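K.L.:
My questions will all concern the structure given below.
Just so it is clear, none of the values below were taken in a lab; they were calculated from the coordinates. Only a predicted model underlies this, so the values are computations on that prediction, with no experimental measurement involved. Note that each Cβ is placed from the backbone with ideal geometry, even for glycine, and that neighbours are counted across all protein chains shown.
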Amino acid sequence: MYEGIHHVSILVADIERAKHFYGDILGFEESPDRPDFGFPGAWYQVGLTQVHLIEYKEGRTFRGTTVIDSRDGHFAVRVKDIEAFISRMEEQEVEILNKPENKTEWHQVYISDPDGNLIEFNQ
């Protein structure tokens with residue numbers, strides 16, 4: 001019945017700052033297919049799933065912190081090479097929570113975007 005997750009929507013306070021983070025820092029590929037919804041945003045293709053950024057300063061899902069807490073709400077992205085990802089984050093001076101050994105079968109690395117949205121990367 002289900003084919004997969006089509007997209008995840010993320011609220012951001014400043015779309016240009018968010019586009020720099022998701023596009024330049026993380027290296028996500030921006031999709032040119034986003035229609036003009038009448039509000040700022042961006043779509044990124046990440047494998048078969050999209051990440052939709054929505055600028056909405058009045059949104060209620062802002063955490064109010066960029067502290068990385070792996071138990072808080074997040075989405076996860078599978079990577080081919082976790083060590084290369086860690087190196088990229090170190091080069092970009094992005095704080096990480098590195099969990100190579102945990103109760104899962106995969107190496108987990110957590111980051112926060114500038115608005116406090118948490119993302120897990122794993123391999």
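K.L.:
Taking the range 66-123, which residues are aromatic (Phe, Trp, Tyr) and touching a residue at least 40 places away in the same chain (Cβ under 8 Å)?
P.N.:
Phe75, Tyr110, Phe121
The rows are residues; the columns are (1) loosely packed, with under 14 Cβ neighbours inside 10 Å; (2) out of contact with any Pro (no Cβ under 9 Å at 6 or more places or on another chain).
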position	(1), (2)
Glu3	yes, yes
Ile15	no, no
Phe75	no, yes
Ala84	yes, yes
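K.L.:
Do you know which of the residues in the range 73-123 that are part of a loop (DSSP other than H, G, I, E, B) and among the basic types (Lys, Arg) is farthest from Tyr22 (Cα to Cα)?
P.N.:
The selected residue is Lys103.
K.L.:
Hey, another quick one. Answer yes if at least one residue in the range 56-71 is over 27 Å from Asn102 (Cβ atoms) and touching a helix residue (DSSP H, G or I) at 6+ places or on another chain (Cβ under 9 Å), and no otherwise.
P.N.:
Taking every residue of the range 56-71 in turn, none turns out to be over 27 Å from Asn102 (Cβ atoms) and touching a helix residue (DSSP H, G or I) at 6+ places or on another chain (Cβ under 9 Å).
K.L.:
Assess whether Tyr56 counts as being free of Cβ contacts under 8 Å to residues at least 60 places away in the same chain and hydroxyl-bearing (Ser, Thr, Tyr).
P.N.:
yes
K.L.:
What tally of residues in the range 22-65 results from selecting those that are part of a loop (DSSP other than H, G, I, E, B), surrounded by 14 or more Cβ atoms within 10 Å (Cβ to Cβ) and among the aliphatic types (A, V, I, L, M)?
P.N.:
Total meeting the criteria: 1.
K.L.:
Consider the range 76-98. How many of its residues are closer than 16 Å to Leu118 by Cα and of a type in the set (Lys, Arg)?
P.N.:
1
K.L.:
Here is a further query. For the list (1) part of a loop (DSSP other than H, G, I, E, B); (2) more than 13 Å from the chain's Cα centre (by Cα); (3) within 25 Å of Arg17 (Cα to Cα), I need the number of the one condition that Ile68 fails.
P.N.:
(2)
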